[in-house]
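Take a look at the structure below.
Nothing in this text is a laboratory measurement; each read-out follows from the coordinates by a stated rule. Just so it is clear, the model here is predicted, and its values are computed rather than measured. When we count neighbours, we look across all protein chains shown, and the Cβ atoms used for this are built from the backbone with ideal geometry, even at glycine.
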Amino acid sequence: MFEPMKNCITILTGAGISAESGLGTFRDEGGLWAQQRIEDVATPEGFARNPELVQGFYNARRAQAVEAVPNAAHEALARLEAEYDGEVLIVTQNVDGLHEKAGSRNVLHMHGALNGALCAACEHRWEAPLVMHVADSCPNCAAQATRPDIVWFGEMPYGMEQIDEALQRSTLFASIGTSGNVYPAAGFVAEARRLGCATIELNLEPSEGFSLFDEARHGAATQTVPAWVAKLLKP
Ligand code: APR
């Protein structure tokens, strides 16, 4: 069991933190899951059934993410990591690279990332080209079994042990821009509470797990996150 460090903040982010950078969320009005069925583009079965459709879906999101610019919320979290007297870990459900573009370094992509490619045959990982094709062959084993390095429904998210260790040594858990619909991420707040963390939600509206948070600030992330970070950094 880790002794709680002096200051350690674990921050979970979801699609809502990137909404004001122009990237769609999933479950808001007109969101991504209103445009495509999850089972068609975000499951291993969907990929096996129609790999062209799935590669096309992620190629479109990759092209959008490459053009997207971090917003004031991403920048505030990068400032927090740089200036806070302690550890700041961002556990993101997002697959865009906006936390890194804003300057955050300690980022864990639990659902993978659009800039990652994976070989389903040999599990080799490499930087994804902007456009991936079904016929691409793995640079390591040459198998035509390449896929986006994205964690689909029914697959194990990345970094679960590291996330658990971070929560054990955290004094504060913040959840930003996520609806709290998808596990295991949606269960982090209950675990944080069990471990004695203070918990705060910063979201446009109350999430599914709203009642589990000690504190909540509802509104747009570009407003709530910089104000919250400024308060944390106040001497
Ligand atoms: N500022 C703050 N919060 C916002 C903003 C904004 N500008 N815009 C939307 N939100 C909030 C919404 O109120 C919603 O609660 O962001 C949340 C987005 O929820 P979802 O669309 O469900 O996205 P997310 O929670 O990240 O989904 C989790 O589900 O489909 C899977 O793998 C996918 O990582 C994703 C996971």
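Let me know the whole percent of all Cα-Cα pairs from segment 18-105 that are separated by more than 15 Å.
65
If you take every residue apart from A198 with its C-beta less than 10 Å away from the C-beta of A198, what net charge results, scoring Lys and Arg +1 and Asp and Glu -1?
My count for the surroundings of A198 gives -1.
Let me check the size of the chain from its C-alpha atoms; what are the radius of gyration and Dmax in Å?
Expressed in Å, the Cα Rg and Dmax of the chain come to 17.9, 56.
Between Q64 and S137, what is the FRET efficiency for a Förster distance of 25 Å, r being their Cβ-Cβ separation, to the nearest 0.05?
0.45
If amide hydrogens are placed 1.01 Å from N in the peptide plane, which non-local residues have theirs closer than 5 Å to the one on G112?
Excluding prolines and chain starts, which carry no amide H, the hits are V151, Y158.
Counting helices only, and only those DSSP H runs with n ≥ 4, report the 222 nm mean residue ellipticity of the chain as the sum of -39,500 (n - 2.57) divided by its residues, in deg cm²/dmol to the nearest 500. Please list the in-between numbers first.
Details: 9 runs with 77 residues, N = 235.
It lands at -9000 deg cm²/dmol.
For segment 128-187, what is the convex hull (Cα atoms) projected area averaged across all directions, in square nanometres?
Its average projected convex-hull area is 6.5 nm².
Taking the Cα-to-Cβ direction at R37 and at R125 and moving 7 Å from each Cα, how far apart do the two end points lie in nm?
With each label point 7 Å from Cα toward Cβ, the separation is 3.1 nm.
Would you list V151, V131, V41, V91 from fewest to most Cβ contacts within 10 Å?
V131, V151, V41, V91
Looking at segment 111-235, what % of the alpha carbon pairs are farther apart than 18 Å?
Taking all Cα-Cα pairs of segment 111-235, the fraction more than 18 Å apart is 64 percent.
Are there any GluC sites (Glu not before Pro) in segment 12-60 that are in a DSSP loop and have at most 11 other Cβ atoms within 10 Å? List them by number.
Listed in order of number, the matching sites are E29.
Find the Rg to Rh ratio for segment 81-141, where Rh is the Kirkwood radius over alpha-carbon pairs and Rg uses the same atoms.
On the way: Rg = 14.8 Å, Rh = 13.5 Å.
Here the Rg-to-Rh quotient is 1.09.
To make sure I understand, if each residue's beta carbon is the centre and we count other beta carbons within 10 Å, what order do F153, F26, F173 fall in, fewest to most?
Taking fewest neighbouring Cβ atoms as first place, the list is F153, F26, F173.
Quick check on the exposure proxy: order C122, C138, C197 from fewest to most C-beta atoms within 10 angstrom.
Ordered from fewest to most neighbouring Cβ atoms within 10 Å, C122, C138, C197 come out as C122, C138, C197.
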